[in-house]
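See below for the structure under consideration.
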Amino acid sequence: VWTMRQCVTVGVVVWALCALICVVAGQHRHAHRHIEGWKMGQKINMECKTPTGEWGQGPVCQETGEAMFFVYGTDSMQYCGWHVSNSDLYDYVSSLVKQEANWNCRIAMVPQQDQPHNYYLPFSIPVWGTVEKEHMHLDNHLNFVFHAQQGIILGVAAYVVRDQVQVVKKGAVITFHGPTKWFNGHSFLPFSPTQPLAGALEDVAAFWLSVLTSSAITALVGLLFFTALYRFYLRKRLVQKFLKQD
């Protein structure tokens, strides 16, 4: 038969272990959700499907020799001369105009992480115009919009706006141009780098809810243990003690 001191010691140990497990689990959950996001002004590259179906860089701009890119959180005007250098590329652009193919692209939500999975936001670059026998008429105005908060890109889209029409033949340079606009979160409010992420507040609330829930479970375990200790051990000894006194 255990003594009272042994029972209390076991109860305290069980309660302490429950509390420790709950705290560690809560901290692990909170740490696991930390993501290193984009920094203000950081260069963002996009990837696009090539005519053969592999992922590659976006359109290479003749002015710089670099692929088209964006700058996190920075509104800007995009200028990119895309050289239609050969017949295969011309035929690909023609298929885009006739909507026989789709120019699929993607942007990483956060900088590439050393993780099993990297998450991308898909979008398409539309090419609008008409195809003639030996040339095309293209609208070369492209707008890009981004939704982001706290270093995480939440959405991206590209769309054409009716503007000047450019005649494109084999060997021509398509002069894509248009604004890039960043919005805050899921809204169309101007971008603010300090605006809390909508999901971040929910994560904090969920974290503290898990801590409170864990604390309540720990307290319940302790209460049940000491209730059982009193009912099956202490009460009997107290009754015997008072009977002896009487």
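The values are calculated or read from the model by the stated rules, or taken from the named source; none is laboratory data. Just so you know, these numbers come straight off a predicted model, no measurement behind them. Glycine also receives a Cβ, built like all others from the backbone with ideal geometry; neighbour counts cover every protein chain displayed. Ligands, DNA and RNA are excluded from the accessible area calculation, which covers all protein heavy atoms including side chains. Shrake-Rupley method; radii C 1.70, N 1.55, O 1.52, S 1.80 Å.
The residues of region 75-104 that are in contact with a strand residue (DSSP E or B) (Cβ under 7 Å, 6 or more places away or on another chain) and not hydrophobic (A, V, I, L, M, F, W, C), listed by number, are Asp75, Ser76, Gln78, Tyr79, Gly81, His83, Ser94, Lys98, Asn102, Asn104. Here region 62-82 is the region considered, the condition is being farther than 10 Å from Gln42 by Cα and of a type in the set (S, T, N, Q), and the residue that is least open to solvent (accessible area, probe 1.4 Å) is Gln78. Every listed requirement among (1) part of a loop (DSSP other than H, G, I, E, B); (2) farther than 23 Å from Pro190 by Cα; (3) open to solvent by 60 Å² or more (accessible area, probe 1.4 Å); (4) touching a residue at least 24 places away in the same chain (Cβ under 8 Å) is met by Asp88 save one, (1). Suppose the filter is at pLDDT 95 or above and basic (Lys, Arg); does Arg29 pass it? It is false that Arg29 is at pLDDT 95 or above and basic (Lys, Arg).
So for region 156-165 (the condition being touching a helix residue (DSSP H, G or I) at 6+ places or on another chain (Cβ under 6 Å), open to solvent by less than 30 Å² (accessible area, probe 1.4 Å) and in a strand (DSSP E or B)), does at least one residue qualify? No. Per this entry, Ala148 is counted among residues that are within 23 Å of the chain's Cα centre (by Cα) and in contact (Cβ under 8 Å) with a residue 60 or more places away in the chain.
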